[in-house]
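Asks: My questions will all concern the structure given below.
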Amino acid sequence: MMVREREEISHKAYARVGLLGNPSDVYYGKTISLSVANFCATVTLRASSELVIQPHPVHDLVHFSSLPQLVTRLNSEGYYGGVRLLMAICKVFYAYCKDNAIELSDDNFTLSYDTNIPRQAGLSGSSGIVCAALSCLLDFFNVRELVKVEIRPNLVLAAEKELGIVAGLQDRVAQVYGGLVYMDFSKENMDELGHGIYIPMDLSLLPPLYLIYAENPSDSGKVHSKVRERWLDGDEFIVSSMEEVANIAEEGKTVLEEKDYSKFATLMNRNFDLRRSMFGDEALGGLNIKMVEVARKVGAASKFTGSGGAVVAFCPEGISQVKLLQDECQKEGFVIQPIEPFPSRLSEIELKSLQTK
């Protein structure tokens, strides 16, 4: 097979912070989420004579100096790198194009990746790799305009589900869209459209936010607990609590648009309190709860960025409170850094095509 002359294609997908409403995205809820420039996954595609998925020299390590090193590595990093993620999105992308009569050329390629998104930190590291790879495939096969923007998060999620990764659409929407996004996953939208309604918001509405995480996460808890089973069984407490979590995002959209940051802080705290009451401390994990409590100790608002592993914090009293928070985090051994929101990744054409009923 001739290798077509083509420059390499490279795309990034940025870490995601769930701001309000999570985890209601998997319960027909509503969320607000944003992409952050602090961390990203990068995927590079080069035309090649054979199709190659290239292992990462660090994240897909298979050579070790000793048995203890192998065991230490598995305990800290787990068994899986990014190769399986790249393979899964290739399979899902091909199947989607075939099912929707989207013609693909016979050209082959080599996919490689890199990432600095901390593992197990609730910042969407896995979906970042998948999302960046999907962007490369859309451009390589020149089919970006044939795959609706709203559908792309579904493809990212489908690739992860191939691998048994349990997740919702929120993270994938944030990473496909970039910027700050309000998402409505109501059953009506999901049944009728096959996806939610996703509305980009102006990043300038955000106050300064901070990210707190542990460099060596442990005690992450059994995050999903039995909440989903109880919700499916119609447990009144879970159903009503999850509805309230979704309403926090809806109210939060208005609060941010009005720049009512005092109310925003209250909503952040309420979001976490509701999660804690539904899932319980054992499921959330002691380390995760400690990160929230460190922020609250100095009067900062705080909640999980995802299912645990990192916390987003807001200091309504400004710089002096930020300094107190930094000191407390240092004492407890947590990393803290200012969140750098990353703007929308969509083109003007893509933005105009969005369904925002």
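Asks: Taking amide H positions as placed in the peptide plane 1.01 Å from N, state which residues far from residue 19 in sequence (5 or more) or on other chains have amide H under 5 Å from it.
Replies: Counting only residues 5 or more places away or on other chains, the set is 32, 33, 34.
Asks: Right, something else. Treating only the Cα positions of the stretch 236-281 as identical point scatterers, give the base-10 log of I(q)/I(0) from the Debye formula at each q in 0.24, 0.25 Å⁻¹.
Replies: Once normalised to I(0) and log-transformed, intensities are -0.80, -0.84.
Asks: Using a 1.4 angstrom probe, figure out how much accessible area the chain has per residue, in square angstrom, rounded to the nearest whole.
Replies: Result: 46 Å² per residue.
Asks: For the pair residue 50/residue 69, report the inter-label distance in nm, with labels modelled 7 Å from Cα in the Cβ direction.
Replies: For residue 50 paired with residue 69, the spin-label model returns 2.8 nm.
Asks: When a/c reaches 1.5 or more, the comparison of a/b and b/c decides; with that in mind, is the stretch 73-210 rounded, prolate or oblate per its Cα gyration tensor?
Replies: Oblate, since a/c reaches 1.5 and b/c is not below a/b.
Asks: Then there is this: Please find the FRET efficiency linking residue 204 to residue 240, where r is the Cβ-Cβ separation and R0 is fixed at 56 Å, and quote it to the nearest 0.05.
Replies: After rounding, the FRET efficiency stands at 0.95.
Asks: Here's something else I'd like to know. Anything over 30 Å Cα to Cα? Flag those among 263/323; 98/303; 161/187; 148/303; 91/303, in the order listed.
Replies: Pairs exceeding 30 Å: 98/303; 148/303; 91/303.
Asks: Round to the nearest 10 and give me the degree value, 0 to 90, for the angle of helix 125-140's Cα axis relative to the longest principal axis of the chain.
Replies: Tilt relative to the chain: about 40 degrees.
Asks: Which aspartates and glutamates have a Cα lying under 15 Å from the Cα of residue 226, excluding residues fewer than 8 positions away in the same chain?
Replies: Those aspartates and glutamates meeting the cut-off are 235, 236, 281, 282.
Asks: What full-extension length gain, to one decimal in nm, is calculated for residue 62 and residue 166 as 0.36 nm per residue of separation minus the Cα-Cα distance?
Replies: 34.8 nm
Asks: How much FRET efficiency would the formula 1/(1 + (r/R0)^6) give for residue 103 and residue 186, where r is the Cβ-Cβ distance and R0 is 41 Å, rounded to 0.05?
Replies: Here the calculated transfer efficiency is 0.75.
Asks: A follow-up question, please. Dipole of the stretch 209-338, Cα-centred, from +1 at each Lys and Arg C-beta and -1 at each Asp and Glu C-beta, to the nearest 20 debye?
Replies: Its charge dipole is roughly 280 debye.
Asks: Considering only DSSP states other than H, G, I, E and B, which GluC sites (Glu not before Pro) in the stretch 228-321 qualify as loop sites with at most 11 other Cβ atoms within 10 Å?
Replies: Taking the stretch 228-321 and a limit of 11 other Cβ atoms within 10 Å, the loop GluC sites (Glu not before Pro) found are 258.
Asks: Could you work out what % of the accessible surface of the stretch 209-338 is carbon and sulfur, using a 1.4 angstrom probe and leaving DNA, RNA and ligands out of the count?
Replies: 47
Asks: Based on the Cβ-Cβ distance from residue 323 to residue 215, what FRET efficiency comes out when R0 is 22 Å, to the nearest 0.05?
Replies: The value I calculate is 0.55.
Asks: Under a cut-off of 15 Å between alpha-carbon atoms, report the aspartates and glutamates in cross-link reach of residue 253, not counting same-chain residues fewer than 8 places apart.
Replies: Partners found: 184, 202, 244.
Asks: Where a Cα-Cα gap under 15 Å defines reach, which aspartates and glutamates qualify for residue 12, not counting those fewer than 8 residues away within the same chain?
Replies: Result set, ordered by chain and number: 114, 139, 171.
Asks: Also: Kindly sort 328, 348 by accessible area of their heavy atoms, largest first, with the probe set to 1.4 Å.
Replies: 348, 328
Asks: Rounded to the nearest 10 Å², what accessible area does residue 195 have for a 1.4 Å probe in the complete protein model?
Replies: That residue has around 0 Å² of solvent-accessible surface.
Asks: Give the Rg/Rh ratio for the stretch 209-338, taking Rg as the radius of gyration of the Cα atoms and Rh as the Kirkwood radius, to two decimals.
Replies: 0.99
The values are calculated or read from the model by the stated rules, or taken from the named source; none is laboratory data. Since this is a predicted model, take the numbers as computed values, not measurements. Glycine gets a Cβ as well: all are built from the backbone with ideal geometry, and neighbour counts include every protein chain shown. Keep in mind that these areas ignore ligands, DNA and RNA; they rest on the heavy atoms of the full protein, side chains included. Shrake-Rupley method; radii C 1.70, N 1.55, O 1.52, S 1.80 Å.
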